[in-house]
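The values are calculated or read from the model by the stated rules, or taken from the named source; none is laboratory data. Predicted, not measured: the structure shown is a model, and the values here were computed from it. Every residue, glycine as well, gets a Cβ built from its backbone with ideal geometry; the counts of neighbours run over all protein chains shown. Surface areas here come from the heavy atoms of the whole protein model, side chains and all, with no ligands, DNA or RNA. Shrake-Rupley method; radii C 1.70, N 1.55, O 1.52, S 1.80 Å.
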Amino acid sequence: MPLSQWPPVSVVMPVLNEERHLEEAVGRVLDQNYPGELEVVLAIGPSKDRTQEIADKLADRDRRISIVENPTGKTPAALNVGIAHARHDILVRVDGHGALTDGYITRAVEVLDESGADNVGGVMAAEGRTPTEMAVACAYRSRLGLGASTFHQGGKAGPADTVYLGVFRRAALERVGGFDETMHRAQDWELNYRIRKTGGLIWFSPDLSVTYRPRSSLSAVAKQFFHTGQWRREVVRRHPETANKRYLAPPLAVIGITLGTLLGIVGLLTGIAWLDLGFLAPLGYAVLILVGSTIEGRYLPWKALARMPMIVMTMHMSWGLGFLVGLREKPRTV
């Protein structure tokens, strides 16, 4: 495509407490060598670290970068304010802890044109640096950890329910009213659902890959997945037809393991032998996780492999508990 025909692109980044990764994330965008015009909009929330300072320095060094405030600190609000500030009709979402692979934007624009889709995206390539992060990344990429999600594991190009991050046509976002700011998490999935409901096409391409930096501690993973489970429950509350076995498996596992453990304890206390069989639920789950983690993580360094079972169990149980608990206060829908 001649240089004059490449459409201008706006990259929108919601940013909050990203001092560790922001400079790398922005640098990978600016190094894309996209043939057309490129701008980067950083929607900065009230961070507790040096994020604002780093963002200001980046904007001072490169005129393609602009900064807008996101007083709420919430991701969907950041995306909406960033999109409103952006000047162009093709919008690339990038997170402050993500790193685009070489040629991502160029290929995404090509796929958008080839497919005629409203939103295109690819693989969330989780990549860790410490042993804990490596174990979390492996769990993200495996069926054992997050199930058979295409954008975690890859697959053939084609229509999809949702994609990681996304490269959008502005017209599609305007058609559905943008991101729902009451969805503090799972906003991507919910937005893509509304795009599909209005006749739009979401397209997955294995050619597109973004490096994702996972949480670096077990407590951070537990918190992340608990909140994810809560908001996935909210998606199902609003759109009951979206419930499927992959989303229901973690809460069912939590219920089964809890009931089995309680029955086993009652059996020990009362001497009713058959109730002891309840312990088969947690024991069977533990064996499944140990064996599965050994298989899925066989290429990891031993320190990361040793962390795998606890990471996977934390993901499952936190997600399932969050789904069962749900949100304390139901947000007002738009």
- [ ] From (1) in contact (Cβ under 8 Å) with a residue 40 or more places away in the chain; (2) farther than 18 Å from Arg233 by Cα; (3) touching a Ser or Thr at 6+ places or on another chain (Cβ under 7 Å), pick out the condition that doesn't hold for Gly155.
- [x] (3)
Open item on the list: Looking at segment 278-296, I want the residues that are of a type in the set (D, E, K, R) and have a partner that is open to solvent by less than 90 Å² (accessible area, probe 1.4 Å) with Cβ atoms under 6 Å, at least 6 apart or on another chain. Which pairs are those?
Closed with: Glu296/Ser142; Glu296/Leu144
TODO: Go through segment 83-102 and give me each residue that's more than 15 Å from Pro8 (Cα to Cα) and not charged (D, E, K, R).
DONE: Ala84, Val94, Gly96, His97, Gly98, Ala99, Leu100, Thr101
Open item on the list: Can you find a residue that is farther than 26 Å from Glu37 by Cβ and either under 19 Å from the mean Cα position of the chain (by Cα) or surrounded by fewer than 17 Cβ atoms within 10 Å (Cβ to Cβ) (or both) anywhere in segment 102-115?
Closed with: no
Open item on the list: I'm trying to understand the selection: among the residues of segment 17-47, which are under 14 Å from Ala78 (Cβ atoms) and surrounded by fewer than 21 Cβ atoms within 10 Å (Cβ to Cβ)?
Closed with: Asn17, Pro46, Ser47
Task: Residue that is surrounded by the most Cβ atoms within 10 Å (Cβ to Cβ) [pool: residues in segment 288-312 that are basic (Lys, Arg) and either modelled with pLDDT of 95 or more or touching a helix residue (DSSP H, G or I) at 6+ places or on another chain (Cβ under 6 Å) (or both)] - done: Arg307
Task: Neighbours by Cβ (under 8 Å, 6+ apart or cross-chain): first from segment 163-184, under 14 Å from His88 (Cβ atoms); second of a type in the set (Lys, Arg) - done: Val167/Arg93; Phe168/Arg93
TODO: Among the residues of segment 194-221, write down those that are assigned to a helix (DSSP H, G or I) and surrounded by fewer than 20 Cβ atoms within 10 Å (Cβ to Cβ).
DONE: Arg194, Arg196, Lys197, Leu218, Ser219, Ala220
